[in-house]
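Working notes, beginning with the structure itself.
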Amino acid sequence: MAISRDAMLIYLKDLRTLETIVNESTGKKNQLISKRDELKPKVITIEGPPKPTLPDKPHAGFKVGILIGILLLIRGVLALFSGSVLDTEAVFVLAVCFFIPGSILLAVFIPLQIKQNRSYEEEMRSYNYQVEEYEKRMKEYEQRSRQIRIENADRRNEVEQQKQEMTKASDEIQEDIDTYRKMLEEAYRADIIPLQFRSIEGIYYLYDFLSTSQLTLTDALMHADLQAIKDKLDAVIQLQKENIIQQAETNARLEDIQRSNQDILETARSTENNTAVAAQYARIAAVNSQMSVKLQSKQLAYQRADFWLK
């Protein structure tokens, strides 16, 4: 003898709730772990002030030119006084070879050397001022760096604490998954649902088929195309599963509904002559009661962890 229609609907509805809780909890746990692994402290970094660059020392080119000019003049003077008699031609030669080039070199390079010295002195004054400013800014930078190190350490500690809390929440969700999956496996041990339909899509399909028609489980199985069911129901399940869980939590707190379900199952079991079918009723009733008690006891772990998933 087959399971009664009322008992079958209770059974399928419980299976749908259990499959939904396991599915939703698994998805939320994966999201939580992913978000935890991506969580990183917002570390602040700052750069120190640029160090002033020491100006290049003046090149010696101008000094060399001045030195050459002086040497030419000296050489000319020495040549001038080295001879006893000097004619006009000799003086001209000395002027051309020594006095004129030496004078030109001095006239050109002395002003350039003076300008170069002034420029270097100005650069050094600027450099010394920059060094003073640099030292002031370095002190400010070191103070700010110490403060930032403290703030960064606080941020790292805060993120580490958040990760620990998220890991704890993830572990609690896994406990729920294990608990409700165990109930689900126990419910399937009634051996009413074929193995290929023991999935969230299969159960959604069977419950929807029987709850919206007067046809039987056998009829539902005969009309089923599992791949088509999966393709069709994926989006529907995503839209409905939160409402299904909330409805199950609400019903678990309504004594009239729980008493009515248990009465239906107990009456069916007590009036059933087939011991195998009676055992199925007993298993369905036990899972229904266990699930209701669990849903009444505390909020689902993934719901408590919703703070981390926003």
Please verify whether K168 is assigned to a helix (DSSP H, G or I), assigned by TED's automatic domain parsing to the domain that holds K230 and over 23 Å from K241 (Cβ atoms), treating the condition exactly as stated.
yes
Out of the helices (runs of 4 or more DSSP H) lying entirely within the stretch 235-310, which hold 2 or more residues that are in the same structural domain as E186 (by TED's automatic domain parsing) and either among the small types (G, A, S) or buried (at least 19 other Cβ atoms within 10 Å of the Cβ) (or both)?
255-270, 275-297, 301-304
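Given the condition more than 19 Å from I192 (Cβ to Cβ) and either among the β-branched types (V, I, T) or surrounded by 16 or more Cβ atoms within 10 Å (Cβ to Cβ) (or both), answer yes or no: does some residue in the stretch 209-216 qualify?
Yes: one or more hits.
Quick check on E185: is it assigned to a helix (DSSP H, G or I), of a type in the set (D, E) and without any contact (Cβ under 8 Å) to a residue 60 or more places away in the chain?
The answer is yes for E185.
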Set A282, A278, A248, A235: member being small (G, A, S), without any contact (Cβ under 8 Å) to a residue 24 or more places away in the chain and closer than 26 Å to K29 by Cβ
A235
Determine whether the stretch 25-40 contains at least one residue that is in a loop (DSSP other than H, G, I, E, B) and out of contact with any Leu (no Cβ under 9 Å at 6 or more places or on another chain).
yes
Looking at the structure I just gave you, is E140 modelled with pLDDT under 75, in a helix (DSSP H, G or I) and of a type in the set (D, E)?
no
Would you confirm whether or not the stretch 124-136 contains a residue that is more than 30 Å from H59 (Cα to Cα), of a type in the set (A, V, I, L, M, F, W, C), out of contact with any Cys (no Cβ under 7 Å at 6 or more places or on another chain) and part of a helix (DSSP H, G or I)?
no
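Looking for whichever is closer than 30 Å to K51 by Cβ and either of a type in the set (D, E) or at pLDDT below 90 (or both) here; the options are E175, E158, E151. Which one fits?
Working: E175 fails: closer than 30 Å to K51 by Cβ; E158 fails: closer than 30 Å to K51 by Cβ.
Exactly one residue qualifies, and that residue is E151.
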Give P111, P194 a once-over and let me know the one that is exposed (fewer than 14 other Cβ atoms within 10 Å of the Cβ) and closer than 30 Å to A220 by Cβ.
P194
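Return a yes/no flag: does the stretch 201-215 have any residue that is more than 27 Å from R269 (Cα to Cα), touching a residue at least 12 places away in the same chain (Cβ under 8 Å) and touching a Leu at 6+ places or on another chain (Cβ under 9 Å).
yes
The values are calculated or read from the model by the stated rules, or taken from the named source; none is laboratory data. On a predicted model such as this, the values are computed, not experimentally measured, just so you know. Virtual Cβ from ideal backbone geometry, glycine too; neighbours counted across all protein chains shown.
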